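The values are calculated or read from the model by the stated rules, or taken from the named source; none is laboratory data. Only a predicted model underlies this, so the values are computations on that prediction, with no experimental measurement involved. For neighbour counting, all protein chains shown are included, and Cβ atoms are generated from backbone atoms with ideal geometry for every residue, glycine included.
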Amino acid sequence: MDASAKLASVVKDKRPAISKVVDFNAKTDKVFRINLSNSNDALRNVVTNVAAFSQWINAQLSSCGYKYAAGGYMENRVIYKNRNLFESGDKARSIHLGIDVWGMAGTAVYSPIAGIVHSFNDNSNDGDYGPTIIMQHDLNGFMLYSLYGHLSRKSLKGLFTGQQIKAGEQIGEFGVADENGGWPPHLHFQLMLDMEGMQGDYPGVCSLAEKDKYLKNVPDPTLLLPFFNPNYR
């Protein structure tokens, strides 16, 4: 059983305790299902320039009044080309392990499940997460970790390991490119069953050769995102 199947079996009966990750009104808000894969030729000329990439994202959002653009779990992406963090010969990483929610800088980010702060860090390399928070959740003995990347630096102020966080409590906000690793404003939301000893960081992109390995530890985050899961109530 892969990680998504394991989590699905656990959250099936936990939905009343699952809150939001970002503000979203199903009656009025719309989400653009964004394609950042290698098949999207429109991206090839903009991904190496943050300003151009931001303009492209904003154009997708404004075209039909979308509040967010979102997507990316296990997507083979073109946007990591020419970023040293992801390029390493035959182990170049391009498989995205989380869901990205693209929107305005300052957008509030919430913990969808009650838990404690596991760890946090400002991963400041170019193309990295920037300010990152990792939460630990105990679902009746089933341990789950959630990662929130590309936050603002002030999101980390006042945090401490072991801090209790309620479901639906704000834990941060989208950061600007100057502090979030050099990306248009967005949230990288990812789930893990095991942190593998890591603190304040966990791979958000893997190589194609590693995909099967990470499928066993990194569940589909849409299980906790109502605008991706029509059965969520």
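Are any residues in the stretch 163-207 touching a His at 6+ places or on another chain (Cβ under 8 Å) and without any contact (Cβ under 8 Å) to a residue 60 or more places away in the chain, and if so, which ones?
Matches in the stretch 163-207: ASN180, GLY181.
Within the stretch 1-26, how many residues are modelled with pLDDT of 85 or more and within 29 Å of GLY175 (Cβ to Cβ)? Lay out the reasoning, then the answer.
Step one: of the stretch 1-26, the residues modelled with pLDDT of 85 or more are 2-10, 18-25.
With the extra rule that they be within 29 Å of GLY175 (Cβ to Cβ), the set shrinks to 3-4, 7, 18-25.
Total satisfying the criteria: 11.
As an exercise: evaluate THR48 against (1) out of contact with any Ser or Thr (no Cβ under 6 Å at 6 or more places or on another chain); (2) at pLDDT 80 or above and give the number of the one condition it does not meet.
Single failed check for THR48: (2).
Quick test for you: out of LEU215, LEU151, LEU159, LEU144, pick the one residue that is modelled with pLDDT of 95 or more, of a type in the set (A, V, I, L, M) and touching a Gly at 6+ places or on another chain (Cβ under 7 Å). Can you show your working first?
Values: LEU215 fails: touching a Gly at 6+ places or on another chain (Cβ under 7 Å); LEU159 fails: touching a Gly at 6+ places or on another chain (Cβ under 7 Å); LEU144 fails: touching a Gly at 6+ places or on another chain (Cβ under 7 Å).
Only one candidate passes the filter, namely LEU151.
Of all residues in the stretch 27-45 being of a type in the set (Lys, Arg) and part of a loop (DSSP other than H, G, I, E, B), which is modelled with the lowest pLDDT?
Across the stretch 27-45, the extreme among qualifying residues is ARG44.
May I ask you to list the residues in the stretch 138-154 that are surrounded by fewer than 20 Cβ atoms within 10 Å (Cβ to Cβ) and in a strand (DSSP E or B)?
Across the stretch 138-154, the qualifying residues are ASP138, LEU139, PHE142, MET143.
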